[in-house]
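For reference, the structure discussed in these notes is given below.
The values are calculated or read from the model by the stated rules, or taken from the named source; none is laboratory data. Keep in mind that what you see is a predicted model, and the values were worked out from it rather than measured. No Cβ is skipped: glycine too gets one built from the backbone with ideal geometry, and neighbour counts run over all protein chains shown. For the accessible areas, the whole protein counts, side chains as well, though only heavy atoms, and no ligand, DNA or RNA atoms are used. Shrake-Rupley method; radii C 1.70, N 1.55, O 1.52, S 1.80 Å.
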Amino acid sequence: RRELRPFGVRVSIIEPGGFQTGMINPAPLVKGFVRLWERLPAEAQAAYGRHYLHKYAKSTTLLHRLSSSRLSHVTDAVTHALLSRCPRSRYAAGWDARLIFLPLSYCPAWLSDTV
């Protein structure tokens, strides 16, 4: 964004949180992950442990449940960025982006990695 400013190009960053789209649909994600897991060498499976597979499936399902189904938050941000006379440099779309990810981006890396 800053690199393009000297050339008169204004860039707005849209940072969406989790939204219920096909990208985070748990059924195909877990199915693909299990398929990859089964192709792993036995020593790699042993290193991660079988619990890793179950933890991934649970976290993927939880992420989908907590995600918003209102994609209009993202499209509204895109529309505002494109059509506004004075667009913002950054848009956080969704409750999780506003309450978790945006504040976390201002934290030191060690803290955000821990969270």
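Between ILE24 and CYS107, the contour length at 0.36 nm per residue exceeds the Cα-Cα span by 27.3 nm.
What a 1.4 Å probe finds exposed on the chain is 60% carbon and sulfur by accessible area, rounded to a whole percent.
In terms of the Cα gyration tensor, with a ≥ b ≥ c the square roots of its eigenvalues, is the range 1-66 rounded because a/c is under 1.5, prolate because a/b exceeds b/c, or oblate? Because a/c hits 1.5 or more and a/b exceeds b/c, the range 1-66 counts as prolate.
Counting heavy atoms of the protein chains alone, ILE13 has an accessible area of about 50 Å² for a 1.4 Å probe. The range 89-108 and the range 33-80 have Cα centres lying 21 Å from one another. Helices in the chain, meaning DSSP H runs of at least 4 residues, each add -39500 (n - 2.57). Divided by all residues, the mean residue ellipticity at 222 nm is -15500 deg cm²/dmol.
Highest average first, the peptides 87-93, 102-108 ordered by how many other beta carbon atoms sit within 10 Å of their residues are 87-93, 102-108.
Scanning residues 5 or more positions from TYR91 or on other chains, those with amide H under 5 Å from its amide H are ILE13, ILE14, GLU15, with H placed 1.01 Å from N in the peptide plane.
The mean sequence separation of alpha-carbon pairs under 8 Å and at least six residues apart, normalised by the residue count of the chain, gives a relative contact order of 42 percent.
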